[in-house]
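S.K.: The structure's right below; bear with me while I get my questions together.
The values are calculated or read from the model by the stated rules, or taken from the named source; none is laboratory data. Values in this document were obtained by computation on a predicted structure and should not be read as measured data. Positions of Cβ are generated from backbone atoms using ideal geometry, with glycine treated the same way; all protein chains shown enter the neighbour counts. Ligands, DNA and RNA are excluded from the accessible area calculation, which covers all protein heavy atoms including side chains. Shrake-Rupley method; radii C 1.70, N 1.55, O 1.52, S 1.80 Å.
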Amino acid sequence: DGGITQSPKYLFRKEGQNVTLSCEQNLNHDAMYWYRQDPGQGLRLIYYSQIVNDFQKGDIAEGYSVSREKKESFPLTVTSAQKNPTAFYLCASSQGRDRAGLQHFGDGTRLSIL
Amino acid sequence: QKEVEQNSGPLSVPEGAIASLNCTYSDRGSQSFFWYRQYSGKSPELIMFIYSNGDKEDGRFTAQLNKASQYVSLLIRDSQPSDSATYLCAVFRAGGTSYGKLTFGQGTILTVHP
């Protein structure tokens, strides 16, 4: 079955530590996205990528970094500069720019501070 | 003013009733409109999208769009307890040669009680 796999499901970060969230898709989608969701809030865009080796900042990129070395993979690193990282992180993909509204989501990663 | 606004609810309806979920948006250049359903602790899933003014029906769901009033709604007929979830409105504006922006509202919590 095609889909998006996020891992781990739960992650705990110590102060001063960088952590990396994994996102892999086998839908052959060109575009991939990272969102953050806080309780009672909608989704806020962190980073997005339309093609391999290219990515753009979203609305709340500070304290985060990404890479897109393969079409299937779009990992997100939450750096120590992100002072309030506790949230639900969602990875999504879409076929391309014209279908960017039709996004498929992974199951998410819950990140907490130890 | 938020770009996409929804009444956060909770909206409570009895089983079998019609649930009406509303969303307003501020960008008149918005081109397409999406409703995602998100069960507690889960990721969003797309349930409806609409591009043109008027109504679009899919089973028990009807999406309504009025671009002049910058208003989009979702009606759920014969509501079931399994419809209890958070409903996210998302609005898309294409970006020409670059990625367009998909902006989410904060979501409306719907509770259908037996």
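S.K.: Determine which single condition A:ASN84 fails, assuming it passes every other condition in (1) without any contact (Cβ under 8 Å) to a residue 12 or more places away in the chain; (2) touching a Leu at 6+ places or on another chain (Cβ under 9 Å); (3) more than 10 Å from every other protein chain (Cβ to nearest Cβ).
M.R.: Unmet condition: (2).
S.K.: Sticking with this structure for a sec: If you go through region A:93-114, how many residues are outside any strand (DSSP E or B), farther than 14 Å from A:TYR48 by Cα and either within 9 Å of another protein chain (Cβ to nearest Cβ) or open to solvent by less than 30 Å² (accessible area, probe 1.4 Å) (or both)?
M.R.: Adding up the residues that qualify gives 5.
S.K.: Name the single residue, out of those in region A:61-92 being of a type in the set (A, V, I, L, M) and more than 23 Å from B:GLU45 (Cβ to Cβ), that is most open to solvent (accessible area, probe 1.4 Å).
M.R.: The extreme case among them is A:ALA81.
S.K.: Anything in region A:92-114 that is more than 14 Å from the chain's Cα centre (by Cα) and closer than 14 Å to A:MET32 by Cα? List them, or say none.
M.R.: A:GLN95, A:GLY96, A:ARG97, A:ASP98, A:ARG99, A:ALA100, A:GLY101, A:LEU102
S.K.: Right, another one. Which ones in region B:57-91 are open to solvent by less than 10 Å² (accessible area, probe 1.4 Å), more than 12 Å from the chain's Cα centre (by Cα) and either more than 21 Å from B:GLY9 (Cβ to Cβ) or polar (S, T, N, Q) (or both)?
M.R.: Once the filter is applied, which keeps residues that are open to solvent by less than 10 Å² (accessible area, probe 1.4 Å), more than 12 Å from the chain's Cα centre (by Cα) and either more than 21 Å from B:GLY9 (Cβ to Cβ) or polar (S, T, N, Q) (or both), region B:57-91 yields only B:SER79.
S.K.: Farther than 24 Å from A:LEU90 by Cα, β-branched (Val, Ile, Thr) and either open to solvent by 60 Å² or more (accessible area, probe 1.4 Å) or out of contact with any helix residue (DSSP H, G or I) (no Cβ under 6 Å at 6 or more places or on another chain) (or both): is that true of B:ILE18 in this structure?
M.R.: yes
S.K.: Looking only at region A:44-91, filter to residues that are part of a strand (DSSP E or B) and over 11 Å from the mean Cα position of the chain (by Cα); which one of those is nearest to B:TYR36 (Cα to Cα)?
M.R.: A:ALA87
S.K.: Among the residues of region B:31-54, which ones are facing chain A (nearest Cβ under 10 Å) and of a type in the set (S, T, N, Q)?
M.R.: B:GLN31, B:SER32, B:GLN38, B:SER43
S.K.: If you scan region A:1-60, which residues turn out to be open to solvent by 50 Å² or more (accessible area, probe 1.4 Å), of a type in the set (S, T, N, Q) and within 18 Å of A:GLN103 (Cα to Cα)?
M.R.: Result: A:THR5, A:ASN26, A:ASN28, A:GLN56.
S.K.: Which residues, counting only those in region B:46-83, are touching a Gly at 6+ places or on another chain (Cβ under 8 Å) and among the hydrophobic types (A, V, I, L, M, F, W, C)?
M.R.: Those that are touching a Gly at 6+ places or on another chain (Cβ under 8 Å) and among the hydrophobic types (A, V, I, L, M, F, W, C): B:PHE49, B:LEU65.
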